[in-house]
Amino acid sequence: MAEVLRLLQLDDGFDSAAEVAARAAELLGVDGLTVSLATGGERAELMWCTDEAAGRFEDLQFTLGEGPGPDAVRTGAMVLVPDLARVGRGRWPALSIESVGLAARAVFCFPMGIGAIRVGVLAVVRRTTGPLTDGQVGDAQVLAHALTGRALGSVVPGMDGTVPADTADTLLHAVVHQATGMVSVQLGVPLPQALLRLRAHAYSSGRPLTDVSRDVVARRLRLDLNGNGSPSPVSDKD
């Protein structure tokens with residue numbers, strides 16, 4: 001792990017550090033890692049992942065707005081789930097149902113932050129059940145701390161204070177922000193309600209939130225006040 005941290009420190013881009021994380025996953029004896037950055041409240045958006053099962057689980061958490069990741073961001077404490085199937089449905093009702101068909105069977109989330117500042121969350125995912133050893137937990141905590149430092153200094157604003165849209169640090173879910181803004185304007189509702197309507201439509205239609213958001217941004221889909229979607233006319237310009 002010391003070698004992994006050295007490589008992470010020398011790496012010249014936070015996004016390309018996914019290759020370093022793949023090595024960390026191997027050393028930790030797990031199948032995948034994800035890193036998500038906090039964007040306010042209990043929400044965290046996927047920055048990169050090293051495994052399809054881990055990525056799908058993270059996308060499901062983002063769509064539903066519940067799970068060990070959001071809990072870790074909210075509380076600033078580790079959330080260790082050695083067997084997702086044994087979690088009471090009252091804890092994460094929607095996630096307990098929707099995660100049954102996923103390959104991720106155990107998830108361990110480590111908050112990234114300094115004091116009361118919430119930066120994001122490191123999630124360690126296994127395709128089989130079982131707890132981490134104390135040593136693995138300790139190594140994951142060290143990695144989360146190192147990633148916190150990288151996240152805080154990963155994007156350098158321009159002279160005008162803006163961040164280039166094409167930077168490697170641009171969040172994978174940026175399209176969700178754009179779609180949320182469009183729905184907010186179209187329906188005349190606050191941004192949190194607009195995001196809730198996007199999530200509701202994604203959940204009811206059985207599609208990933210990012211796919212629904214892309215359709216909204218491309219004007220292939222327009223939501224109504226009930227969260228239902230209908231194809232947008234080609235001439236729609238708002």
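The values are calculated or read from the model by the stated rules, or taken from the named source; none is laboratory data. Please read all numbers here as calculations on a predicted model, not as lab measurements. We place every Cβ from the backbone using ideal geometry, glycine too, and count neighbours over all the protein chains shown.
Within the stretch 159-177, identify whether any single residue is modelled with pLDDT of 75 or more and among the polar types (S, T, N, Q), and answer yes or no. So far as the stretch 159-177 goes, no, none of its residues is modelled with pLDDT of 75 or more and among the polar types (S, T, N, Q). One residue is enough: does the stretch 90-111 have a residue meeting the conditions without any contact (Cβ under 8 Å) to a residue 12 or more places away in the chain and touching a Ser or Thr at 6+ places or on another chain (Cβ under 9 Å)? Yes, some residue in the stretch 90-111 is without any contact (Cβ under 8 Å) to a residue 12 or more places away in the chain and touching a Ser or Thr at 6+ places or on another chain (Cβ under 9 Å).
For Ala21, indicate whether it is surrounded by 22 or more Cβ atoms within 10 Å (Cβ to Cβ), in contact with a Ser or Thr (Cβ under 8 Å, 6 or more places away or on another chain) and either modelled with pLDDT of 75 or more or within 19 Å of Val137 (Cβ to Cβ) (or both). Steps first, answer last, please.
Working: surrounded by 22 or more Cβ atoms within 10 Å (Cβ to Cβ): yes; in contact with a Ser or Thr (Cβ under 8 Å, 6 or more places away or on another chain): yes; either modelled with pLDDT of 75 or more or within 19 Å of Val137 (Cβ to Cβ) (or both): yes.
Considered against the rule, which asks whether it is surrounded by 22 or more Cβ atoms within 10 Å (Cβ to Cβ), in contact with a Ser or Thr (Cβ under 8 Å, 6 or more places away or on another chain) and either modelled with pLDDT of 75 or more or within 19 Å of Val137 (Cβ to Cβ) (or both), Ala21 comes out as yes.
The number of residues in the stretch 67-97 that are closer than 22 Å to Val212 by Cα, surrounded by fewer than 18 Cβ atoms within 10 Å (Cβ to Cβ) and within 17 Å of the chain's Cα centre (by Cα) comes to 1.
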